[in-house]
1. From the phi angles alone, apply the Karplus equation (6.51, -1.76, 1.60; θ = phi - 60°) to the range 69-86 and give each ³J(HN,Hα) in whole Hz, x where the residue is Gly or Pro.
2. Can you give me the % of accessible surface on the chain that is carbon or sulfur? Probe 1.4 Å, all protein chains present, nothing else counted.
3. When a/c is below 1.5 the answer is rounded, else prolate if a/b is larger than b/c, else oblate, so apply that to the chain with a ≥ b ≥ c taken from the square roots of the Cα gyration tensor eigenvalues.
4. If the only charges are +1 at each Lys and Arg Cβ and -1 at each Asp and Glu Cβ, what is the size of the charge dipole of the chain around the Cα centre, to the nearest 20 debye?
5. Skip the ligands, DNA and RNA, and give the accessible area per residue of the range 1-94 with a 1.4 Å probe, whole Å².
Amino acid sequence: MTRPRKPPLRPAPSLDTDAPEASETELAAARPFAEVFPDLAAAMRKNLGGRPKADTVKLPVSLRLDADVVDHFRQSGAGWQSRMNAALRKAAGLD
């Protein structure tokens, strides 16, 4: 049994009529986006999403804890890591 042959691929058009290739004159006159639209460029650079910056920076660490200790904090629900941090701060005499 032979497979049916696929038609040959057509070459892509060399010129997109919606975005024609820029001429040498247009390329020479081009300016950076931030220079043409400084306010828009500044707004785009700004981090508008995500979590707000904390007053105190938290460091990611890896440590080994007893399973029952971790289970105790996890069973308390969302925010268990913050509660564990508070318990460690209290035990260390930082609060």
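1. For the range 69-86, the Karplus-derived couplings read 5, 5, 4, 4, 6, 5, 5, 7, x, 4, x, 4, 5, 5, 5, 5, 4, 4 Hz, x marking Gly and Pro.
2. 57
3. oblate
4. 600
5. 105
The values are calculated or read from the model by the stated rules, or taken from the named source; none is laboratory data. Treat the numbers as computed from the prediction; the structure is a model and nothing was measured. Ideal geometry is used to build each Cβ from the backbone, glycine not excepted, and the neighbour counts take in all protein chains shown. The protein model used for the area step is the full one, side chains on, heavy atoms only, and it has no ligands, DNA or RNA in it. Shrake-Rupley method; radii C 1.70, N 1.55, O 1.52, S 1.80 Å.
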